[in-house]
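Have a look at the structure below, then the notes.
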Amino acid sequence: MSEEYVPPKVWTWDTESGGKFASINRPIAGPTSEVELQVGKHPLQLYSLATPNGVKVTVMLEELLALGHAGAEYDAWLINIGEGDQFGSGFVDVNPNSKIPAMMDHSTTPPTRIFESASIMLYLAEKFGAFLPKDPTERTEAMSWLFWLMGSAPYLGGGFGHFYAYAPEKFEYPINRFAMEVKRQLDVLDRRLGEAEYLGGSEYSIADMAVWPWYGLLSQGKIYDDAGTFLDTASYKNVKRWTDQIAARPAVIRGRMVNRAFGPLDEQLRERHDASDFDTKTQDKIEAAES
Ligand SMILES: N[C@@H](CCC(=O)N[C@@H](CS)C(=O)NCC(=O)O)C(=O)O
């Protein structure tokens, strides 16, 4: 590492930390501007972006619709975190933590706000009675893996991903530390998926929907540049089997497209207000119509 850093006695916010998201990082909570959120025609209003945390919820909503739960129809509004949309007053009213995904359910009186992806998934699983096994042992196992994900993914995203892909320089110490931890986590998943088809057991559940957008996309080499090669994800065979199985589900393919504002244009449905939007409002079609 370059120069040795000696922490001051009291930390102060006087410089940007550098790196890809430096301009949106700040040490205080609360809104920075007055911005009302838009509300569409469906009871469920989602405010999100297709990062792995956002994709968990759009996959779940598309899975619920695929299962015939018409009440899961939703409007998905794009929150561009790179531009600071998460600090608008309307968004902060829904999620005081200023992070996507955030959801409002207008079918209740008063409307219910839900933030934290796992809380949103549990809310939807309970509301529709779906994707949480009825068998108490499998249900508990699914919940354990859901909470495992919430504790583990920050080491993959905020730890490994940050230092491998986003930090202003490649620092060996944190990359080593978090690569070691993420490989251990992949081994944990690999062993579990060697003994059961899904994380909860025999049923596809919210545990799989939560874990897949992180460790499945990592296994497919779709997040953090070439991290799949760096971490040798191909060697985790059971994770790969499970990843490919889930990736082929039509609801997962649709869910990954919602609120996506990066990647191939035909895979970007920046806002979703109707099931037909997948056929007519992807970004390639919008841009073709404008030109
Ligand atoms: N534990 C939260 C994490 C959400 C989260 O970290 N969201 C990121 C995008 S993946 C975000 O909105 N970041 C914006 C910011 O930090 O300002 C959840 O699962 O909902």
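Of everything in the range 197-216, what is surrounded by fewer than 20 Cβ atoms within 10 Å (Cβ to Cβ) and farther than 15 Å from M143 by Cα? Give them in sequence order. Result: E197, single match.
Screening the candidates I120, I114, I100 for the property of being among the β-branched types (V, I, T) and out of contact with any Phe, Trp or Tyr (no Cβ under 8 Å at 6 or more places or on another chain) yields one hit, I120. One residue alone among L156, L132, L149, L124 is buried (at least 21 other Cβ atoms within 10 Å of the Cβ), more than 16 Å from the ligand (Cβ to nearest atom) and among the hydrophobic types (A, V, I, L, M, F, W, C), and that residue is L132. Residues in the range 88-104 that are under 18 Å from V55 (Cβ atoms), within 7 Å of the ligand (Cβ to nearest atom) and not hydrophobic (A, V, I, L, M, F, W, C): 2 in all.
Across the range 213-228, the number of residues qualifying as touching a Lys or Arg at 6+ places or on another chain (Cβ under 8 Å) and either of a type outside the set (G, A, S) or on the phi > 0 side of the Ramachandran plot (or both) comes to 1.
Please specify each residue of the range 262-276 satisfying the condition of being charged (D, E, K, R) and in a helix (DSSP H, G or I).
Within the range 262-276, the subset charged (D, E, K, R) is 266-267, 270-272, 274.
Within the range 262-276, D266, E267 qualify.
For D85, the conditions (1) within 12 Å of the ligand (Cβ to nearest atom); (2) closer than 22 Å to F131 by Cβ all hold with the exception of (2).
Values quoted throughout were computed directly from the atomic coordinates according to the rules given, and no laboratory measurement underlies them. Since the structure is predicted, the reported quantities are computational estimates derived from the model, not experimental observations. All Cβ positions, even for glycine, are placed from backbone atoms using ideal geometry, and neighbour counts span all protein chains on display.
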